[in-house]
Amino acid sequence: VLSVFDELIRRGKNPKDLKPLASKLINVFYEVLKDFKSPTPPENSIIDILMKENREIEKRLDSIKPKLTELNKYKDEEFKNKVDKVIEEILKLKEADKHYLKKENILFPVLEQIWNNHRCFQIMWSIHDDIRESLKKLENYYKNKTYDRATLYIEFGKLYFSMYDMIIRENLIVYPVAIETLTNDLLDKMYEDMFEIGFCFIEPPSKKKRETKERKIEDGVIEFETGRLSIKQLENMLNTLPVDISFVDKDDRVVYFSNPKDRIFLRSKAILGRTVQNCHPPESIHIVNKILDDFKNGRKDSYEFWINFKGRFIYIQYFAVRDEEGNYLGTLEVTQDVTHIRELKGEKRLISEE
């Protein structure tokens, strides 16, 4: 099944158009897939967690379905009185988004590195978005008090079959192959990432103690916990950000500032090594000292200010920078021209760029 849809997408078929075909093919092979004896995933590995979440999602879908069926017997006023509670239960399924986010941001990227036939994930991601869209429509139905029966049943029907369809695809196709191909080392690497997203409808497993790895710099490449960048990439990336950045170390000395094309406030290399107090007029030094003192003593983690400057609206933020143990390392200043951002209306999604 994985190979068939990988090949179709490789040949240029649109993943959205393949969704109905995928459901039909899985129905044809359902009994065979169901009878396949898949290995048991390691306890609390990402596959085990996702399978546990699927069982809980299924329970909730099964409990909601008869309640919706029962609503059918009520006349209009009774229907209005009872429908809100049922929709509130449906909207609790929004919690399942954590399940889909773990797949999109943790499982898929790792499997893409070790599977040749991974393009079918594009179909799954499209179904995730269908589920999100159905939940959004049901939420609007609830907020607007529409009370149109047909809309409710049609939209819940789409949601029900999309979520059930996803459980079947995951449990009968993706997870059995994943269990056989993911090494313990890869599973360990994915374990910690799950806590960044969270868990749906289950008790979180215990969080393993984070190992602190020594950072390496070799041949001008810096190894971070979340990736690798050359010094050239890092410097140009910081200078490309649409913000001015300055960093003051724990001894209150300016040790770095970025150099964007459209800098808001003047910065000179002469300030490097200078105390930040000497970079401000005497009238504001007491505020600077208060911010630094609050950061150093853990009373606050951030401050924000905004000003009108040369016809632009400027947003200034200060952040306490701390290590994993909470030790104060310094203060980050971020300055941004938000004039254009304040004027934005509605929404512009990535897909609308087409």
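The values are calculated or read from the model by the stated rules, or taken from the named source; none is laboratory data. Everything numeric in this text was worked out from a predicted model, so none of it was measured. Note that we place each Cβ from the backbone using ideal geometry, even for glycine, and neighbour counts take in every protein chain shown. The protein model used for the area step is the full one, side chains on, heavy atoms only, and it has no ligands, DNA or RNA in it. Shrake-Rupley method; radii C 1.70, N 1.55, O 1.52, S 1.80 Å.
What the table shows:
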{"quantity": "For region 72-90 and region 280-308, distance of Cα centres in Å", "calculated": "54 Å"}
{"quantity": "Region 206-354: C-alpha gyration tensor shape, a/c 1.5 cut-off, then a/b vs b/c", "calculated": "rounded"}
{"quantity": "Region 52-202 - accessible surface per residue (Å², probe 1.4 Å)", "calculated": "49 Å²"}
{"quantity": "Additional length obtainable on full extension of the chain from Glu325 to Lys158, 0.36 nm per residue less Cα span", "calculated": "55.4 nm"}
{"quantity": "When each of Lys261/Lys348; Lys75/Lys98; Lys80/Lys345; Lys59/Lys143; Lys24/Lys65 is checked by Cα-Cα distance, pairs over 29 Å", "calculated": "Lys75/Lys98; Lys80/Lys345"}
{"quantity": "Computed E for Leu272/Arg342 - FRET, C-beta separation, R0 45 angstrom, nearest 0.05", "calculated": "0.85"}
{"quantity": "Residues Tyr256 and Asn105, FRET efficiency given R0 of 41 Å [Cβ-Cβ distance, rounded to 0.05]", "calculated": "0.85"}
{"quantity": "Estimated FRET transfer efficiency when R0 is 56 angstrom, pair Lys19-Asn289 (beta carbons, to 0.05)", "calculated": "0.40"}
{"quantity": "For Phe309, residues with placed amide H under 5 Å, excluding near neighbours", "calculated": "Ile314"}
{"quantity": "Share of carbon and sulfur in the accessible heavy-atom surface of region 1-81 [1.4 Å probe, %]", "calculated": "52 percent"}
{"quantity": "Student exercise, region 223-267 dipole from Lys, Arg, Asp, Glu Cβ charges, in Debye to nearest 20", "calculated": "200 debye"}
{"quantity": "Residue-count net charge about Lys102 - beta-carbon cut-off 9 Å; Lys, Arg +1, Asp, Glu -1", "calculated": "-1"}
{"quantity": "Answer label, with Rg/Rh (Cα atoms, Kirkwood Rh) calculated from the coordinates and candidates (i) 0.98; (ii) 1.05; (iii) 1.01", "calculated": "(ii)"}
{"quantity": "For region 246-354, accessible area per residue (1.4 Å probe, heavy atoms of protein chains only), Å²", "calculated": "71 Å²"}
{"quantity": "Under Karplus coefficients 6.51, -1.76 and 1.60, residue-wise ³J(HN,Hα) of region 304-317 in Hz, glycine/proline x", "calculated": "9, 9, 8, 9, 9, 9, 6, x, 10, 9, 10, 10, 10, 10"}
{"quantity": "Potential lengthening between Leu91 and Met237 on full extension [0.36 nm per residue; Cα-Cα distance subtracted]", "calculated": "48.5 nm"}
{"quantity": "Proximal aspartates and glutamates to Lys310, defined as alpha-carbon separation beneath 15 angstrom and excluding residues fewer than eight positions away on the same chain", "calculated": "Asp262, Asp337"}
{"quantity": "Arg274 long-range amide H proximity, modeled H, under 5 Å", "calculated": "Val254"}
{"quantity": "Pair Asp185, Phe29: separation of 7 Å Cα→Cβ label points (nm)", "calculated": "3.0 nm"}
{"quantity": "Gain on full stretching of the segment that runs from Asp129 to Lys37 - 0.36 nm per residue minus C-alpha separation", "calculated": "30.1 nm"}
{"quantity": "Two-site label geometry, Thr146 and Thr69: point separation in nm, points 7 Å out along Cα→Cβ", "calculated": "2.4 nm"}
